[in-house]
Amino acid sequence: MAKIGKTKLDSGWLAARSTEVEQTGIQLTTTHPPTSSSSPWMEAVVPGTHANIVTCEMDVKGFQFNCNRAFSVLGTLLKNKLVPDPFYGLENEAILDIADSGREYYTFWFFTTFQCTVAGNQHVDLKFRAVNYSAEVYVNGHKLVLPKGMFRRHSLDITDILHPDGNNLLAVIVHPPDHPGKIPPEGFQGGDHEIGKDVAAQYVEGWDWMTPIRDRNTGIWDEVSIYVTGPVTIGDPHLVSTFFDNYKRAYLHSTIELENRSSSVVDCTLNIQVTTELEEDTSLVEHFQTQYLSISANARTHYTFPP
């Protein structure tokens with residue numbers, strides 16, 4: 001039986017350009033999985049966004065700021081020294097732009113394995129916190145298509161396709177936006193604006209405050225995880241606060257979505273806890289409330305805590 005909760009899939013990933021992979025997603029997750037970072041496969045950066053701390057000095061006055069390096073496919077290529085660092089000098093201009101390379105050049109496979117077995121009424125969701133722009137997911141030979149969109153979140157129920165021995169294979173092919181557009185030689189605010197035909201930000205074609213992003217932000221941008229639950233899952237919590245008496249009192253309106261994915265009624269206990277952080281690692285519990293609920297079989301409902 002798997003432990004209830006989240007497990008991040010943030011290590012052991014491999015990647016390869018799709019045009020250099022002969023196998024299908026079904027083959028990659030059944031009979032022909034990649035086993036090492038040998039050509040065309042390479043070590044991958046997943047999730048693709050990470051932060052660096054940059055320290056600078058100016059007029060003997062030091063300052064420090066966070067530089068979020070928004071990478072995914074480019075991050076993997078940079079890790080393997082296949083492109084220059086776009087944040088150094090004018091090196092970004094030396095990276096092949098998708099308008100010249102074609103979309104296939106920045107269409108990549110990502111592959112990893114994970115351990116997970118379930119028992120009884122447990123369920124497992126495969127969660128992506130940000131994928132750009134479109135992707136197909138393969139788990140143990142089963143194909144799951146993700147809806148298109150910029151940095152979309154996805155949750156896939158993979159309970160019924162996990163291997164009984166707990167050894168599972170995951171492959172994801174990620175495609176760039178459908179209309180990546182072109183960048184004029186002299187540059188322009190949003191390039192030719194073609195990317196505006198997709199649900200995507202035009203700044204990735206360049207703006208006055210940033211250079212063009214050569215792969216148009218393609219890849220698995222943020223966290224990938226598997227989440228093990230019981231028959232009832234909690235989703236989309238919504239908290240609205242209203243303050244009174246010059247912020248000395250607060251009214252909290254809390255609503256959550258509950259889904260029973262089993263074929264029978266489930267009795268459950270729902271807790272809400274309000275705390276105040278006094279100092280690091282120390283909090284004061286100001287309010288604790290428990291509700292006992294019965295959720296109908298295969299039902300989804302919203303529940304609002306009494307004030």
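Taking only protein heavy atoms and a 1.4 Å probe, what accessible area per residue, in Å², does segment 5-229 have with all protein chains in place? In whole numbers, segment 5-229 has 50 Å² accessible per residue.
Here the relative contact order of the chain, from alpha carbon pairs under 8 Å that lie six or more residues apart, stands at 18 percent. Here the extension length gained between Arg300 and Leu90 equals 70.3 nm, from 0.36 nm per residue of separation less the Cα-Cα distance. Within the chain, the longest segment free of exposed loop sites, counting GluC sites (Glu not before Pro) that fall outside DSSP classes H, G, I, E and B and have at most 15 other Cβ atoms within 10 Å, spans 23-185. Evaluating 6.51 cos²θ - 1.76 cosθ + 1.60 at θ = phi - 60° for every residue in segment 112-128, the Karplus couplings come out as 7, 10, 8, 9, 6, 10, 10, 9, x, 9, 6, 10, 10, 10, 9, 10, 10 Hz, glycine and proline recorded as x. Cα centroid distance between segment 217-232 and segment 271-301, in Å? First find each Cα centre; the distance between them is then 23 Å. Here Lys127 is the anchor, and the lysines within straight C-alpha reach of less than 20 Å, apart from those fewer than 8 places off in the same chain, are Lys3, Lys6, Lys8, Lys143, Lys148.
Plainly put, segment 232-304 has a radius of gyration that is 1.09 times its Kirkwood radius, both from alpha-carbon atoms, as the Rg/Rh ratio.
Nonpolar atom fraction for segment 5-229, defined as the carbon and sulfur part of the 1.4 Å probe accessible area, stands at 51 percent.
Over segment 232-304, accessible surface divided per residue gives 75 Å², non-protein components excluded, 1.4 Å probe. Size check on the chain: the Cα extents along the three principal axes, sorted descending, read 63, 59, 37 Å. Return the whole-Å distance between the Cα centroid of segment 126-145 and the Cα centroid of segment 111-125. The distance from the Cα centre of segment 126-145 to that of segment 111-125 comes to 16 Å. To put it simply, the accessible area of segment 253-299 at a 1.4 Å probe is 43 percent carbon and sulfur.
The values are calculated or read from the model by the stated rules, or taken from the named source; none is laboratory data. A quick note: this is a predicted structure, and the numbers were derived from the prediction, not measured. Every residue, glycine among them, receives a Cβ derived from its backbone with ideal geometry; neighbour counts consider all protein chains shown. Side chains included, ligands, DNA and RNA excluded: accessible areas come from the protein's heavy atoms. Shrake-Rupley method; radii C 1.70, N 1.55, O 1.52, S 1.80 Å.
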